[in-house]
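Nothing in this text is a laboratory measurement; each read-out follows from the coordinates by a stated rule. Values in this document were obtained by computation on a predicted structure and should not be read as measured data. With ideal geometry, Cβ positions are generated from the backbone for all residues, glycine too; neighbour counts draw on all protein chains shown.
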Amino acid sequence: MADISKLTDRILSEANESADLIIAQADEKVKKIEQNSRVQAEAKYKAIVEKGKLDAQNLKERLKSNANLKARDNELRVKQEVILRVYESALDDLKNIDSESYLEYIKEKAGFGDSELIVTKDRVDLVKEKFPEANISTERFVETGFIEICGGVEKNYTFDAQLDYIKDDLQGEIAKVLFGRG
């Protein structure tokens, strides 16, 4: 029986040694898995942080760019409003042109001859007196300047039309004067 007891003890001893070896190997594997997991987690963490920083920088740049665009748009809108006020002021000045200048304008632009002139209602008599040979309409009137009808073709010399005709060039000139550039 002693042999069985020795055999049993030896088997138990080998089993314990084998179990200890398996446990040691398992512990080693666990340590390696934990280390790999930690390294992977740290790498993922760093990647997420870097991506977050990059996303934040991109967002910051977009916000800055949008703010610059809005500022530029607001500046352009304000400049356009100022230019429009200057344009409207010039038109008001032309609407209130003195009689002598008004008659000189007609003299410079009108062809007279067989044409009919349409003038402002308040200056019909003045134009008839200054240009007795001219055919002046007493049925149709303009707010500013005059219209000349010759052979069924209307030549529009109203101040509105004349300013509209040169408006793009005027805007550039007004911008240069007011803002130092076109």
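Quick notes on this one:
- At 0.890 mPa s and 25 °C, Stokes D of the chain from Kirkwood alpha-carbon radius, µm² per second: 97 µm²/s
- For Ile23, net neighbour charge (Lys/Arg +1, Asp/Glu -1) across residues whose Cβ lies under 14 Å away: -2
- Using a Förster distance of 25 Å, the FRET efficiency for Ser99-Thr138 (Cβ separation, nearest 0.05): 0.85
- Residue-averaged 222 nm ellipticity for the chain, from DSSP H runs of 4+ at -39500 (n - 2.57), nearest 500: -26000 deg cm²/dmol
- Full-stretch length increase - Ile23, Asp122 - with 0.36 nm per residue and alpha-carbon distance subtracted: 24.2 nm
- Under 5 Å from the amide H of Thr120 lie the amide H atoms of Val142, each residue being 5 or more positions distant or on a separate chain, with H modelled from the backbone and absent for Pro and chain starts.
- Of the GluC sites (Glu not before Pro) in segment 86-182, those whose Cβ has at most 14 other Cβ within 10 Å and which sit in DSSP loop: Glu133, Glu139, Glu143
- For segment 101-162, the equivalent ellipsoid built from the Cα gyration tensor has semi-axes of 14, 14, 11 Å, listed from largest to smallest.
- Label separation (Asn68 vs Asp164): 3.9 nm, computed from points 7 Å beyond Cα along the C-beta direction.
- Highest-MSF residue in the chain out of Ser37, Ser65, Ser18 [GNM, Cα springs under 10 Å]: Ser18
- Our summary gives segment 122-182 a relative contact order of 16 percent, counting only alpha carbon pairs under 8 angstrom and 6 or more residues apart.
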